[in-house]
Amino acid sequence: MLLAEKIKRAADLARLAPSSHNCQPWQVCSFEPDFYFTHLDLVAGAHRDLRQVLVLGLDRERCLTALPSLRREMRMSAGAFATLFYNFLRLQGVMVEARLVPEHSAALTELGALQLHHCEPLLVLLLGAVEQAPQAEALARLQQLVESRRTLRTPYKRPVRGGPTPSLPTVLPYRLQDDGPLRWTHCDNSIDIERLARFVGQYAERDFSDSRAWRETYRYIDFSARSGAIEGEGFNIQQLTGPLPAWKRWAYRAALAPALLPLTARFGLTRNIASQLGGLVRNSAALCYLSYAGSPARAAEQQLLAGEAMLDLWLAATDRGMALHPVSVVLQHSEIRERLECLLAEPDEIWFFARLGEPIQPPTTEFRYRRAVSPLAC
Ligand SMILES: Cc1cc2nc3c(=O)[nH]c(=O)nc-3n(C[C@H](O)[C@H](O)[C@H](O)COP(=O)(O)O)c2cc1C
């Protein structure tokens, strides 16, 4: 297989990475080594015998922007994509060195900056001239896990509480870097889960009360009857509610429309949705969260690695027949996030919070919205 075909295959699989609102904010730019080192050179390091340089980053035109905290979610989403892209390249035998781009790193020349288009670079992949033998078995296993991973927002089996949370060993063959100052905490005792369920039930309504954020979210909801593999972004209303007849889909479309929401909220719609989310949290085998204990100066690049840690746990859970459902509303507004950290007696900032468990039953309809990712030849 040609290198270009391997890159395409890695991108096709990596696009199955989870992303906030399924906005898929990633972008890949491909450079000839000479051009890259003359005009960009975003990460310091030795220039070796290279075939190609890939710059992975955020596509500024696809990023969610309504809240400052969404910057973190964008970097985590790109981190999940980058982790898969890197793994699938290596498993196909491509020699790759991954380097994180420091936050304020800039292109060396105007031409270099222009060639990045809308891309905010986060990771550089240096592709070596020699190749190794592909690892067919490990590749097939990772591909199978990535294809079966989903965000499942259904009720999970009531856990047998009191036993230890099953430890979930890493399933990623390769890591971009060690987690460093990132730490997972699992809560599986009934008192903590009940307290967190009440907390989520109380604060989840905030999703709807920030009109700019809600307008942005609403744009990603598809109210149509489409299902299966769909070209594009976003998610279907039925991924939140379960199967709905046409009239109910249209009723949700109208009731959740940003212009009507202040009115429908008065009739208790948003309160109801928030308490249902609290109910789902109550019916989880465990809750888990990822916190960051490092310096604020390195937070941006660590958020890419937080995406890697998130993806690793998600795939490990999938491997055990478990599912994960992020509950980000409690992190998106700093005053709520700080209350949550206080409730959990957590000294560090929480970057990711999710319910975890074995779904009572899989969803009856499958949805998978994804856009094609073609590395831009620059
Ligand atoms: C950083 C991050 C935050 C997320 N937050 C939420 C959330 O608060 N609620 C939710 O239902 N899904 C959340 N998701 C899941 C995405 O909506 C989901 O990944 C996307 O729709 C693609 O679907 P898939 O994971 O089934 O492939 C989050 C995903 C990421 C990466």
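Any read-out appearing in this document is the output of simple, stated calculations on the displayed coordinates, not a laboratory observation. All values reported here derive from a predicted model rather than from experimental measurement. With ideal geometry, Cβ positions are generated from the backbone for all residues, glycine too; neighbour counts draw on all protein chains shown.
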Working out 0.36 nm times the residue gap between PHE267 and ARG215, then minus their Cα-Cα distance, what length gain in nm do you get to one decimal?
16.8 nm
Per-residue [θ]222 nm for the chain (sum of -39500 (n - 2.57) over DSSP H runs n ≥ 4, rounded to 500)
-12500 deg cm²/dmol
With the convex hull built on the alpha-carbon atoms of the range 156-366, volume per residue in Å³ sits at 147 Å³
Quick one: which of 141-154, 257-270, 65-78 comes out on top by average Cβ neighbours within 10 Å, and what's the full order, highest first?
65-78, 141-154, 257-270
Over the Cα atoms of the range 236-330, what Rg and Dmax result, in angstrom?
17.8, 51
Here the Cα Rg-to-2.2 N^0.38 Å ratio for the chain is 1.00
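At R0 = 25 Å, how high is the FRET efficiency between ALA138 and ARG371 if r is their beta carbon distance? Nearest 0.05 is fine.
Computed FRET efficiency for ALA138 and ARG371: 0.40.
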Give me GLU120, GLU194 ranked fewest to most by other Cβ atoms within 10 Å of their Cβ, as a rough exposure proxy.
GLU194, GLU120
Peptides 242-253, 97-108 ordered by average Cβ neighbours within 10 Å, highest first:
97-108, 242-253
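Could you rank the peptides 331-344, 9-22 by their average count of other C-beta atoms within 10 Å per residue, with the highest value first? Could you put the intermediate results ahead of the total?
On the way: 331-344: 16.0, 9-22: 20.1.
Ranking the peptides 331-344, 9-22 by packing returns 9-22, 331-344.
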For PHE199, PHE352, ascending order of other Cβ atoms within 10 Å (fewest first) is PHE199, PHE352
